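Below: the structure, in structure tokens.
Rule-based calculations on the coordinates, nothing more; no lab input. Keep in mind the model is a prediction, meaning the values are calculated, not measured. All Cβ positions, glycine included, derive from the backbone under ideal geometry; neighbour counts span all protein chains shown.
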Amino acid sequence: MPTILELLSYVYYPCSAICGPFFEYSDYKMYIERQGRYAKIPATFKQAMIKFLQGKLCLAIHIAISTYCYPAFCGTDDYAAQSFLYKVLYYYLAMTGQRFVYYATWCITDGQVIASGLGYAGKDAKTEEEKFNKIYSIIILDVELGLSP
């Protein structure tokens, strides 16, 4: 059983306290005690920045789409007067734009977990490359992070 301090440090771990991702206590304990795969964590800056920039890109996509297609318009009389095809396409674009807000948050949080070292999964057996796919919320693009599960 963990002590109260260990439990609270796990529950309120800064990199995932607000919007995830979930990870097991055993991984967290190994990470804190620097055991197992966490005994020697390689440099994480490049991988963390890639996830951070993915988050910024998602935010830019949200702003670009939401500037022209916003969900509140779907409840207006002007929207109801449009053709069925227009309504479907507009709604699809508006909701896609809204989805990217969540993608941005999850990508930035994944970057925090990678930067802290908790997302380190060891080396790939075939390629000997460092993998950072142990803990993640979302995969939008598999860009040199070894994030394929």
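Applying the criteria of a DSSP loop state and at most 10 other Cβ atoms within 10 Å to the chymotrypsin sites (Phe, Trp or Tyr not before Pro) of the stretch 19-110 yields Phe22.
Using a Gaussian network model on the chain with a 10 Å cutoff between Cα atoms, which of Lys56, Lys87, Lys29 fluctuates the most? Looking only at Lys56, Lys87, Lys29, the biggest GNM fluctuation is shown by Lys87.
Among residues other than Ile108 with Cβ under 14 Å from its Cβ, the summed charge is +1 (Lys and Arg +1, Asp and Glu -1). Near Gly122, the amide H atoms lying under 5 Å from its own belong to Lys131; only residues 5 or more places off or on other chains count, and H is placed 1.01 Å from N. Local charge for Tyr13 was computed over the other residues whose Cβ lies under 15 Å away, with Lys and Arg +1 and Asp and Glu -1, and equals -3. Here the chain is treated with +1 on each Lys and Arg Cβ and -1 on each Asp and Glu Cβ, and its dipole about the Cα centre works out to around 220 debye. Residues in the stretch 130-136 carry Karplus couplings, in order, of 5, 10, 10, 10, 5, 9, 7 Hz; the curve used is 6.51 cos²θ - 1.76 cosθ + 1.60 with θ = phi - 60°, and Gly or Pro positions show x.
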